Amino acid sequence: RSLYSTGQVQNVRIFGQPQGDGVRVIVAIEARTLVNEIEIEGASRISAKNLRRKIKLKTNAPVDENALGEARQEIIDAYRAKGYNDIDVQYRVDTNAARGTSRIVYTVNEGSKGAIRNITFEGNKAFSDRVLRKQMKTKPKTIISFLDKSGRLDEAQLQQDLDAVREFYQDHGYIDVEVGNIRRERVNGRMSILVPVNEGSKYNVGRISVKGAKLTTEDKVKALIKLKEGAVYSPKVVREDAKKIADAYGTGGYVDLSVTPQGIPAGQGRIDVIFTIEEGEKSFVQRINISGNTRTKDKVIRREILIAPGDVFNTVRVETSKKRLDNLGYFSRVETYPEDTGVNGRKNLTVQVEEKRTGAVNFGAGFSTVDAIVGFAEVSQGNFDLMNWPNFTGGGQKFRARVQYGSRRKDFVIALTEPYFLDRRLSVGSELYYREANFLSDVYNQRNYGFAINARKPVGRFMSVSLEYRLEEIDIFDVQSDASELIKAEKGARTKSQVATSIVFDTRDNPFFTRKGQRVVFTPFVAGGFLGGDEQIFGFDLEGSQYFHLPYDMVLLFNAEVASVDTWGDDDRVSISDRLFLGGPNSLRGFDYRDVGPKDDNGEPIGGRTLARGTVELTIPIIEKVRGAIFGDIGLVHSGAFDATRGRPASDVGVGLRLDLPIGPLRLDYGIPVQTGGNNSSSGKFNFNVGYQF
C-alpha cells in the first residue's frame, strides 16, 4: 500500500523463497512511465497552449489514468464554459518502453457553439414544464452562467436528469411513464431541448399486507408505515416504509433482518403492496474493530460510536454513528458493517475508514460595505493533536491561525479547541487575539487584544450551555482633535476581565441555509469586581430567530433581539466599547453602520445602554443559487439601562439578493428608512456582505 501511495508504481508482487534458516523476500516492482510530452490536437477555438495551462497534468509526472481522465474533463469544462456543448475529447498514450516515457495525446472535436436556451417538455399533462425542469440539474443559460455553469450540456448529466424526471413521475403514481429520446434544435447559435413524455395511467394503493412477522403483529407493523390504502402509489414511499420497518427491528438488534416490498397489479389503476419480513435472530455486540486510521487515534473514532461491546446491536445507532464520523470531516469514506463471530447472537461491529487531508492553507480577499477591502491568510487543522509532535495530527482537536488585514481592520487570531475534554462530551477552547478596527467611528479607532477560555456542554438534542472567561485590553486611540468631550474622555487603554455564559436552543434544519426551525441565544455577563480589571459592568443579550418554510420554497424569517448593559459597584460609566449600537448590514439595513441611537453634539454615534430590534424577511427562489429578499427592520437604542420602552424607533424596508457562490454566500441589500429615529438620514443605503445573517 505504501509503494502504491507514492504514485510511482504500477504493479507490485511480493513473494518469498526459502534460504537457509529463513525466507528471502523478493519485491518485484513495475514502475509507471513518466509523461514527457502533452499534445492537444484539433483545438482551434481555444489554443492548445491555454488548454495546457488549464489542466493539472504536467510533464515528468508518472502516468496515472485518473489524472489523464481529470485532464480530459478539464478540457471539456473549458470548452463548455465558452458555449461548446457538443465538445468531445479523447486521449491516447504512446509509450516508449525502452526510455520509460509516455506521450499523451488529446484529440479534440470542438463541435458547434451554442448554450442551452430553453428546455421544454411534450406530452406532459399532470405536471408543468417548470415543475419538471426543477428535477433537472441541466439548466438554460442564466445571467450568472459564469458562476452557476448554467447553459452547459453534459451528456452524462442529461441522462441522469431524464432518469430523475422518470423517477419523479413514478413517485407520483405514474409507474408506466416513458421518457423518450430528446430532440435538439439550434437557432441563432442557441440550443433548445425538447423532452417527450408519455405519462401513462396513475396508480393508487390497493391492499397493504405484511408477511413473516412473528415478533409483532401485522397491525403494529402497518402503524409504522406512511403508505395507506387508496393513496397514490409511490416506489419511493414504499422503500422508505421498508426502511422504517427495518429500523424498528434494528433497534432491537435484529441485524440479519430482511424486508422485501413487492408491488402486485390488482386491476386498473391499483397496486397491492406486500412487505415480506425475514426476522433472523437478535444479536449483541461482541467487539468493535476499527481499521484504516493511520493518523487518527482510535479513541477519536470510538467516542463517536453510540454502542459498546455487550450492548444490543442497534442498527439505527450504528447508522447514526456512521453519520457522526462522516460529519467529522476526517475521512473520505466510512463503512460500518456487522461480522459473524461464530457465536450465535454475537456479532462484531467493524468500522472501516479512509482518511483524507484535514489541514488547509487558505488565502483570499473580500469586500463589504463595513470592512471595505480585506485580505486574509489562514492555516487550519481540523484533526489537530497538540501533544503529537512533530506531526500534530490525529487527536480530533481544532486549530486555527488567521491573519486578516485590510484598509479598515486588522485581525490576528490563534485558536485551539478540544471537543472532548478529558474524554467527556465537554468542549474546551481558547484563543489569543489582536483586533484593530477603523470602521467603528469616523473620529477614533479601537484595538482589542487578549485571550479567552471557554467551555461548552450539550444538554439534550437541541440545547447547549457555555461558560467563557475573557481578559482583554481595550484601547481607544487616534481620537481626532475636533471630537466632542464625550468621546475624548474615552481615549486611552483599560483592562476588562469578564465572565459570560450562554444558553443556546437550536432546532434549525440547516445552520447555513435554514428553511425551518428556531434558534434562541441568551447571554448574561459580568465584568470587574472580584474578577479584576478597570470596568465593572453587567448585562445580557437575548436573540431569537424563527423560520417558516412556505410553498414554492419561500422562507419567512422573524428575528428579534433585546440587550442591555449597566454598571455596578463603584463604577458609574459604561465605556463606548461596551455600549450598544444599531445600523448596518446585520441590524437596520436602511442606515449607516452604528448610526441609530444617541449621538453627541457633533452628530457622532455614542451608543446606549439598551437595545431592541426586530426583523421580518421573506426570501423567494429566483433561479438555482439565487434568491430574492423582501425585508423590514425596526429598532431603537436608549441611553438608559434595562428600559426598552423609551427612545425613538427607527425602521426601514427594502429588497435584496442572496447568491450562493463558490466563494461563499453573498448578500446584497438596499434598505430605505421609514422612521428615521429623529436624527438619521432619510436616504436609502446599499449593503454588500459575505456571510449568513441571523
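Each reported figure results from applying straightforward, stated rules to the coordinates on display, with no laboratory input. Here the structure is a predicted model, which means the values were calculated and not measured. Positions of Cβ are backbone-derived with ideal geometry, glycine not excepted, and every protein chain shown enters the neighbour counts.
Work out the charge dipole of the chain with +1 on the Cβ of Lys and Arg and -1 on the Cβ of Asp and Glu about the Cα centre, then indicate which of Ala612, Tyr552, Asn118 is farthest towards its positive end. The Cα lying farthest towards the positive end belongs to Asn118. Each of Tyr337, Tyr670, Tyr254 has some number of other Cβ atoms within 10 Å of its Cβ, and from fewest to most they run Tyr337, Tyr670, Tyr254. For segment 156-209, what class follows from the C-alpha gyration tensor (a ≥ b ≥ c being the square roots of its eigenvalues): rounded when a/c is under 1.5, otherwise prolate if a/b is larger than b/c, else oblate? Judged from the Cα gyration tensor, segment 156-209 comes out prolate (a/c at least 1.5, a/b above b/c). Distance between the C-alpha centres of segment 346-361 and segment 537-551: 37 Å, rounded to the whole angstrom.
Of all lysines in the structure, those lying under 30 Å Cα to Cα from Lys685, and not within fewer than 8 positions of it along the same chain, are Lys410, Lys488, Lys516, Lys599, Lys625. In order along segment 271-287, the Karplus-derived 3J(HN,Hα) couplings, from 6.51 cos²θ - 1.76 cosθ + 1.60 at θ = phi - 60°, round to 9, 7, 10, 10, 9, 9, 10, 10, 6, x, 10, 6, 10, 10, 7, 8, 9 Hz, and Gly and Pro are given as x.
For segment 440-690, just say rounded, prolate or oblate: build the C-alpha gyration tensor, square-root its eigenvalues into a ≥ b ≥ c, call rounded for a/c under 1.5, and beyond that prolate if a/b exceeds b/c, oblate if not. Oblate, because a/c is 1.5 or more while a/b does not exceed b/c. Footprinting exposure proxy ranking of Val165, Val361, fewest other C-beta atoms within 10 angstrom first, gives Val361, Val165. Charged neighbours of Phe284, selected by a Cβ distance under 15 Å, balance to 0 (K, R count +1; D, E count -1). All Cα-Cα separations within segment 204-278 were binned at 5 Å from zero, giving a P(r) of 3, 16, 31, 25, 14, 7, 3, 1, 0, each value a whole percent of the pairs.
Ordering of 437-449, 563-575, 380-392 by packing is 437-449, 563-575, 380-392, highest average first (other Cβ atoms within 10 Å, averaged per residue). Taking Cα atoms only, the orientation of helix 65-81 departs from the longest principal axis of the chain by about 60 degrees.
Basic side chains Lys and Arg get +1 at the Cβ, acidic Asp and Glu get -1 at the Cβ, and with that the dipole of the chain about its Cα centre reaches some 1760 debye. Loop-resident GluC sites (Glu not before Pro) (DSSP state other than H, G, I, E or B) in segment 130-182 with no more than 13 further Cβ atoms inside 10 Å of their Cβ are absent.
Counting beta carbons within 10 Å around each of His638, His549, His172 and listing the fewest first gives the order His549, His172, His638. Around the amide H of Ala61, modelled in the peptide plane, lie the amide H atoms of Val35, all under 5 Å away and 5 or more residues distant in sequence or on another chain. Rounded to the nearest whole Hz, the Karplus-based 3J(HN,Hα) values (6.51 cos²θ - 1.76 cosθ + 1.60, θ = phi - 60°) of segment 628-642 follow the sequence x, 9, 10, 9, x, 10, 8, x, 8, 10, 10, 6, x, 8, 6, with x at glycine and proline. Size descriptors for segment 545-637 (Cα atoms only): Rg and Dmax, in that order, 17.2, 59 Å.
Between Arg494 and Asp534, the contour length at 0.36 nm per residue exceeds the Cα-Cα span by 13.8 nm.
When you filter the trypsin sites (Lys or Arg not before Pro) in segment 465-532 for DSSP loop state and at most 14 other Cβ atoms inside 10 Å of their Cβ, you are left with Lys491. Taking the C-alpha atoms only, the angle from helix 235-250 to the longest principal axis of the chain is near 80 degrees. In terms of its alpha-carbon gyration tensor, segment 284-418 comes out prolate; a/c meets the 1.5 threshold, and the first ratio a/b outweighs b/c.
Rounded to the nearest 20 debye, the dipole size of segment 32-109 about its Cα centre is 320 debye, using +1 on the Cβ of Lys and Arg and -1 on the Cβ of Asp and Glu. Just round it to a whole percent: the fraction of Cα-Cα distances in segment 284-355 exceeding 15 Å. Distances greater than 15 Å cover 48 percent of the Cα pairs. Separation of segment 54-90 and segment 566-641, taken as the distance between their Cα centroids, equals 51 angstrom.
A simple rule links phi to the HN-Hα coupling: the Karplus curve 6.51 cos²θ - 1.76 cosθ + 1.60 with θ = phi - 60°, which for segment 94-101 gives 9, 9, 9, 4, 5, 8, x, 10 Hz, with x for Gly and Pro. Compared with the dominant Cα axis of the chain, that is its longest principal axis, helix 315-328 is turned about 60°. In the distance distribution for segment 116-198, Cα-Cα pairs more than 22 Å apart total 22 percent. Dividing the C-alpha radius of gyration of segment 500-595 by 2.2 N^0.38 Å, with N its residue count, gives 1.39. With the biggest extent put first, the Cα atoms of the chain measure 85, 80, 70 Å across the principal axes. Taking a straight Cα-Cα cut-off under 15 Å and skipping sequence neighbours fewer than 8 places away in the same chain, the aspartates and glutamates within cross-link reach of Lys356 are Asp326, Glu335. Here Lys56 is the anchor, and the aspartates and glutamates within straight C-alpha reach of less than 20 Å, apart from those fewer than 8 places off in the same chain, are Glu37, Glu39, Glu41, Asp64, Glu65, Glu70, Glu74, Asp77, Asp88, Asp94. Only bridges with both residues in segment 204-278 count here: give the DSSP antiparallel percent, nearest 5. Once the DSSP bridges in segment 204-278 are tallied, antiparallel ones form about 60 percent. Across the options Pro673, Ala629, Gly200, the greatest Cα extent toward the positive end of the charge dipole of the chain (unit charges at beta carbon of Lys, Arg, Asp, Glu) belongs to Gly200. When the P(r) is computed for segment 448-510, the part past 16 Å accounts for 64% of the Cα-Cα pairs.
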